[in-house]
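Working notes, structure below.
The values are calculated or read from the model by the stated rules, or taken from the named source; none is laboratory data. It should be emphasised that the depicted structure is a prediction, and the values quoted were computed from it without experimental measurement. When we count neighbours, we look across all protein chains shown, and the Cβ atoms used for this are built from the backbone with ideal geometry, even at glycine.
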Amino acid sequence: MSGSSMPAAARGHGSEAVSVAAERRWAYIVMAIIALLILMMVFTGLHWASMPPSRVETVDIKTLHVKGEFVESNLGTTMGPDGKVTVRLVAQQYSFVPQCIVVPAEMSVTFRGTATDAIHGFIVGRTNVNTMLIPGFVATFTTTFSRTGEQLMPCHEYCGTGHEAMWARVQVLPTAEFLSKARGGERLSCVPS
Ligand code: CUA
């Protein structure tokens, strides 16, 4: 009995030292993580105080329909002389304009959108296009569609009683087919006329 109690006590001291060392190690790791988070907060607070987190572009919703970039005749898809494809759209309760958007596959496409009345969601099917359209602000999203075909574009931000019925379609055309249509420089959409 007495013979076995001594090694047991020795073992106890040994494991205590091990556990204290392990606890101290974890305490240092936790302190390092907290210090890193505090440094990140200080950095982003100071750095972004002088530089906003994203480029903020505003638009006057009162004159949206009558002048400027988002008048109805300027909505839809265009290809500039430099070959850049831009899609302009407006969201309102409870529809998107245009209701059907044409884009090319395998080309960089920039969406520029805004909303007239409430915050609406902007997401395109199984792509990475996902943002919000906020009255007074211009949302931009640049992406490349890898597959041709039709994608649904539902509003995914609750915007009122008609929210569920608010959606549009995006037709992704083969690059050559899009280029032949867009070459004239006019606004394109797939809304049946
Ligand atoms: Cu628009 Cu929900």
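When residues in segment 169-193 are screened for being touching a Leu at 6+ places or on another chain (Cβ under 8 Å), not in a helix (DSSP H, G or I) and not β-branched (Val, Ile, Thr), 3 of them pass. Evaluating SER95 against the criteria (1) farther than 19 Å from LEU188 by Cβ; (2) in contact (Cβ under 8 Å) with a residue 12 or more places away in the chain leaves one unmet condition, (1).
For the subset of segment 85-101 comprising residues that are in a strand (DSSP E or B) and under 19 Å from HIS163 (Cα atoms), which member is nearest to the ligand (Cβ to nearest atom)?
Going through segment 85-101, the residues in a strand (DSSP E or B) turn out to be 85-92, 95-97, 100-101.
Within this subset, residues satisfying the condition of being under 19 Å from HIS163 (Cα atoms) are 89-92, 95-97, 100.
Working: LEU89: 12, VAL90: 12, ALA91: 6, GLN92: 8, SER95: 8, PHE96: 8, VAL97: 12, CYS100: 17 Å.
If we take residues in segment 85-101 being in a strand (DSSP E or B) and under 19 Å from HIS163 (Cα atoms), then ALA91 is nearest to the ligand (Cβ to nearest atom).
In segment 158-182, the residues that are more than 15 Å from VAL109 (Cα to Cα) reach residues that are among the charged types (D, E, K, R) and near the ligand (Cβ under 10 Å from one of its atoms) with C-beta atoms within less than 9 angstrom, at least six apart or across chains, in these pairs: CYS159/ASP117; GLY160/ASP117; HIS163/GLU157. Checking each residue in segment 107-118 for being part of a loop (DSSP other than H, G, I, E, B), under 20 Å from the mean Cα position of the chain (by Cα) and within 16 Å of the ligand (Cβ to nearest atom) picks out THR116, ALA118. In the condition set (1) within 22 Å of LEU64 (Cα to Cα); (2) not β-branched (Val, Ile, Thr); (3) not in a strand (DSSP E or B), GLY121 is compliant with all but (3).
Count of segment 175-193 residues, restricted to those that are of a type in the set (A, V, I, L, M) and modelled with pLDDT of 90 or more, is 2.
Can you say whether PRO104 is touching a residue at least 12 places away in the same chain (Cβ under 8 Å) and either within 16 Å of the ligand (Cβ to nearest atom) or not in a loop (DSSP other than H, G, I, E, B) (or both), as far as the supplied structure shows? It is true that PRO104 is touching a residue at least 12 places away in the same chain (Cβ under 8 Å) and either within 16 Å of the ligand (Cβ to nearest atom) or not in a loop (DSSP other than H, G, I, E, B) (or both). Is it fair to say ALA91 is touching a strand residue (DSSP E or B) at 6+ places or on another chain (Cβ under 6 Å) and small (Gly, Ala, Ser)? Yes; evaluated as a whole, the condition is true for this residue.
Here is a yes/no grid of residues against (1) under 39 Å from the mean Cα position of the chain (by Cα); (2) surrounded by fewer than 10 Cβ atoms within 10 Å (Cβ to Cβ); (3) closer than 30 Å to ALA91 by Cα; (4) at pLDDT 85 or above:
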{"site": "ALA22", "(1), (2), (3), (4)": "no, no, no, yes"}
{"site": "ILE38", "(1), (2), (3), (4)": "yes, no, no, yes"}
{"site": "SER50", "(1), (2), (3), (4)": "yes, yes, no, no"}
{"site": "ARG55", "(1), (2), (3), (4)": "yes, yes, yes, no"}
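Scanning segment 95-102 finds no residues that are over 19 Å from VAL71 (Cα atoms) and at pLDDT 95 or above. Put simply, of PHE96, PHE70, PHE145 the only residue that is crowded, with 18+ Cβ neighbours inside 10 Å and under 16 Å from the mean Cα position of the chain (by Cα) is PHE145. Scanning segment 123-166 for residues that are near the ligand (Cβ under 9 Å from one of its atoms) and touching a strand residue (DSSP E or B) at 6+ places or on another chain (Cβ under 7 Å) turns up LEU133, PRO154, CYS155, HIS156, GLU157, CYS159, MET166. Among the residues making up segment 134-151, those that are over 27 Å from ASP82 (Cα atoms) and in contact (Cβ under 8 Å) with a residue 40 or more places away in the chain are PRO135, GLY136.
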